[in-house]
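Notes follow once the structure below has been shown.
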Amino acid sequence: MRAAQQQVAIESKAAAALPAACEPLAQADLCLRYEPVVGLHSGALDSLEVRVGWQHPQLGLLSAAQCAAQARAGRLPLPPPAWMLQQLCRDLQAWRRQAHPTLRVALDLLPDEFCDPLFGPALIEMLVCFDLPADALTLEMNEAALAHAGSQCAARLAQLRSLGLSLTLDEFGSGPASLRNLRCDAFDAVKIAADVVSAAAADGMDGALWSAVIAMAHQLGMKVAAEGVQTAAQCAFLSHPVRHHQCDQLQGPVFSGPLCVAELNLLLASGRTLAPQFLHTRTRARRLMLVDDEPNILAALQRLLRRDQYQIVLANSGAEGLAMLAANSVDVIVSDQRMPGMLGADFLRKARAICPDSIRIMLSGYTELQSVTDAVNEGAIFKFLTKPWDDEQFRGHIAEAFRIKEIADDNQRLHFEVRSANHELAAANRKLEQLLREKQEQISLDEITLNVARELMQHLPLPIIGLDDRGMIAFLNRSAEQLLSTAGALLGKGAALVLPYLLADGALAGAASSHRTDIAGTAYRVLHYRMGQCSASRGSLLALISDNGTP
């Protein structure tokens, strides 16, 4: 009962955190749905992205995009920010209190919210109300929001970063993608737009371009995520350990679409992960593709190679082989030359474009020198073997092809591990640079404060003497210099030696003290203040007040 009352108190306090309070939505039954984001190294769920859903009385549950369309048409009011954030915090609090203490949720930031300097502090206040740390929430903003902020963009990003919030550059590539935004050191991650993922996975030129973008983001210390991943081919493109695409995270139907809280609870409880073949560190059986239009040849080769424990894929034509390669990667391809519809050389050229890391071998009884030579010169063919074949020699050629492929894969995996280590180092450097900048700014502010304090004390008519933590004289204002002028140079000397009458017994060890003394025939009350009680300052101050009220 008491826990329930505490929760009610928390939510009441959170409701007042943002000015747009939780208003009842009479026209719609809105709900939050969460889309899982999985890591491509472990395959486990890394975080969530929250989306708004609408339970329409006739159309059923509408997606976030459909909600936005209905809102633009005036048939659905946009949910108040406080309502959405309060529900999000309530759900996240429940998950973190259960078995997922590090779970994070990403929230799309609208342009107006990004430009509002009050939004960040209000958001932090709401997180505090639910006992959630700032890094439990990631704010995602696209380039349109950055452009909307104009000249205030850098200030808004710096403010959100200073509050401890994580920032992601969202939908990168969907609009006029700017490398200037990618270079901005405020972002912890960049998320590639869904249409870009689809185009890059299908087009070699786009794939090469986005490989460079991903590598650049990693060099800048940012994680790279891809959204809207729908197919196994797109997933393989993003996670391939030897093609240098190597995204860090993905989200989309290939793993799961947006889920309601109950559905997500089931997923969390199941511990489901991404299929092992899509992970950076995947290991799988040796896969061999045999392509020939003669079934008896395929059967003979399969019987011969079965003892070597290869995972064998059979295709009766070049077209069938290309269709299989589009869905499954293979290590070694053995193809006949003369096949109806497509020559083996042409098939291997296209296979190279789809699966460039495979080892490709031609096996044929026909020696059409020109087409075979062209294919070899282009790099489409690794070896040319003739029919009929010697069984042991053929097995040796296949084993050699797998050894070469595995050496290349091992080298690429080592390269990937080095890149991953460099990525982590770059991210750590970015954090250190940010901490250094913040420290330098704090030092500058402290210096300004110190100079102001010193100038203020210089103009005080009261004699003030500053001592460091060893009792050495570090400061005298003008009044103190005039009063103690007969004592000579005092800076840098021990107060107990040159001004013993100003220090009562144990004064330097105590917190504060007061005693009387006589200076040049005038009685003074000496006030001793120990510094560091309310700040990081060290040492102490001595203030001299004459009995007649004058310095």
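The values are calculated or read from the model by the stated rules, or taken from the named source; none is laboratory data. Remember, predicted model here, so these are calculated numbers, not experimental data. When we count neighbours, we look across all protein chains shown, and the Cβ atoms used for this are built from the backbone with ideal geometry, even at glycine.
If the condition is being surrounded by fewer than 15 Cβ atoms within 10 Å (Cβ to Cβ), under 25 Å from A233 (Cβ atoms) and not small (G, A, S), then the range 283-332 contributes T283, R284, Q311. Could you go through the range 41-49 and let me know if any residue there is over 25 Å from A225 (Cβ atoms) and either at pLDDT 90 or above or surrounded by 14 or more Cβ atoms within 10 Å (Cβ to Cβ) (or both). Looking for residues that are over 25 Å from A225 (Cβ atoms) and either at pLDDT 90 or above or surrounded by 14 or more Cβ atoms within 10 Å (Cβ to Cβ) (or both), one finds none in the range 41-49, hence no. Just one of (1) outside any helix (DSSP H, G or I); (2) touching a strand residue (DSSP E or B) at 6+ places or on another chain (Cβ under 8 Å); (3) under 30 Å from V332 (Cβ atoms) fails for P388. It is (2). Restricting to the range 302-324, count the residues that are touching a residue at least 60 places away in the same chain (Cβ under 8 Å) and under 15 Å from D391 (Cα atoms). Residues meeting the conditions: 3.
With the structure loaded, tell me whether G549 is of a type outside the set (A, V, I, L, M, F, W, C) and modelled with pLDDT under 75 or whether it fails that test.
Yes.
Every residue, every condition in (1) closer than 30 Å to E125 by Cα; (2) at pLDDT 70 or above, yes or no:
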site: C153; (1), (2): yes, yes
site: S166; (1), (2): yes, yes
site: D170; (1), (2): yes, yes
site: V196; (1), (2): no, yes
site: D203; (1), (2): no, no
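Would you say H415 is touching a strand residue (DSSP E or B) at 6+ places or on another chain (Cβ under 7 Å) and either part of a helix (DSSP H, G or I) or not small (G, A, S) (or both)? When the stated conditions are applied, H415 does not pass them. The criterion of being crowded, with 20+ Cβ neighbours inside 10 Å, part of a helix (DSSP H, G or I) and out of contact with any helix residue (DSSP H, G or I) (no Cβ under 7 Å at 6 or more places or on another chain) holds for L88. Restricted to the range 425-449, and to residues there that are surrounded by 12 or more Cβ atoms within 10 Å (Cβ to Cβ) and not basic (K, R), the residue that is nearest to the chain's Cα centre (by Cα) is A427. Considering the range 217-237, and only residues there that are out of contact with any Pro (no Cβ under 6 Å at 6 or more places or on another chain) and modelled with pLDDT of 85 or more, the residue that is surrounded by the most Cβ atoms within 10 Å (Cβ to Cβ) turns out to be A226.
When the range 471-489 is filtered for residues that are in contact (Cβ under 8 Å) with a residue 24 or more places away in the chain and farther than 14 Å from L542 by Cα, only T486 remains. When the criteria are applied in full, A523 fails the requirement of being modelled with pLDDT of 85 or more and under 24 Å from T449 (Cβ atoms).
Determine whether the range 94-111 contains at least one residue that is more than 23 Å from F187 (Cα to Cα) and small (G, A, S).
Yes, there is a match, as at least one residue in the range 94-111 is more than 23 Å from F187 (Cα to Cα) and small (G, A, S).
Counting only residues that are buried (at least 19 other Cβ atoms within 10 Å of the Cβ) and not in a helix (DSSP H, G or I), the range 108-131 holds 2 of them.
Looking across A375, A408, A401, A380, one residue alone is modelled with pLDDT of 80 or more and surrounded by 15 or more Cβ atoms within 10 Å (Cβ to Cβ). It is A401.
Within the option set L435, L414, L467, L462, being free of Cβ contacts under 8 Å to residues at least 40 places away in the same chain and more than 26 Å from P356 (Cβ to Cβ) holds for one residue only, L435.
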